[in-house]
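Input: a single structure, listed below in structure tokens.
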Amino acid sequence: MLLSLFQILDLLLRVASYIIIAQAIISWLVAFNVINTHNDFMRSFLNALDRMTEPLYRPIRKILPDFGGIDFSPLVVLLLIYVLRVLLAGVAADVAYAGA
């Protein structure tokens, strides 16, 4: 049962990392005028991605210094998610070993 909980948490962290990567790529495409933000669907999609990722970025942005227009908070959040997934995998392996 506990191992299933760890797998669900790992899945949620993996989905969060995919959302962060998609948001970063789409924001670059908007910045280089590849994607038109006058389209209602694209504007609402970007707004939804921003609403999902902003609570993750906000604490990191408070800590990081200003880099002059370059936002490193998605990279920091992705690194933190990776560290959490590694720690979670270690705990899950310990639980699976103890249960065997």
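The values are calculated or read from the model by the stated rules, or taken from the named source; none is laboratory data. Computed from a predicted structure; not experimentally measured. Reconstructed Cβ throughout: ideal geometry from the backbone, glycine too, with neighbour counts over all protein chains shown. Protein only, heavy atoms only, side chains kept; ligands, DNA and RNA dropped before computing areas. Shrake-Rupley method; radii C 1.70, N 1.55, O 1.52, S 1.80 Å.
I'm checking my understanding of the structure. Among residues of segment 73-97 that are open to solvent by 80 Å² or more (accessible area, probe 1.4 Å) and without any contact (Cβ under 8 Å) to a residue 60 or more places away in the chain, which one is farthest from I8 (Cα to Cα)? Across segment 73-97, the extreme among qualifying residues is L75. All conditions in (1) farther than 30 Å from G99 by Cβ; (2) modelled with pLDDT under 90; (3) surrounded by 11 or more Cβ atoms within 10 Å (Cβ to Cβ) hold for F45, with the sole exception of (2).
Looking across segment 56-72, the residues that are of a type outside the set (K, R), more than 17 Å from Y18 (Cβ to Cβ), assigned to a helix (DSSP H, G or I) and open to solvent by 60 Å² or more (accessible area, probe 1.4 Å) come down to P59, I63. When we screen N39, N33 for residues that are over 15 Å from the mean Cα position of the chain (by Cα), at positive phi and exposed (fewer than 15 other Cβ atoms within 10 Å of the Cβ), the only hit is N33. Out of all the residues in segment 33-48, is one or more in contact with a helix residue (DSSP H, G or I) (Cβ under 6 Å, 6 or more places away or on another chain) and part of a helix (DSSP H, G or I)? Within segment 33-48, none of the residues are in contact with a helix residue (DSSP H, G or I) (Cβ under 6 Å, 6 or more places away or on another chain) and part of a helix (DSSP H, G or I).
The set of residues from segment 6-30 being aromatic (F, W, Y) and within 14 Å of the chain's Cα centre (by Cα) comprises just one member, Y18.
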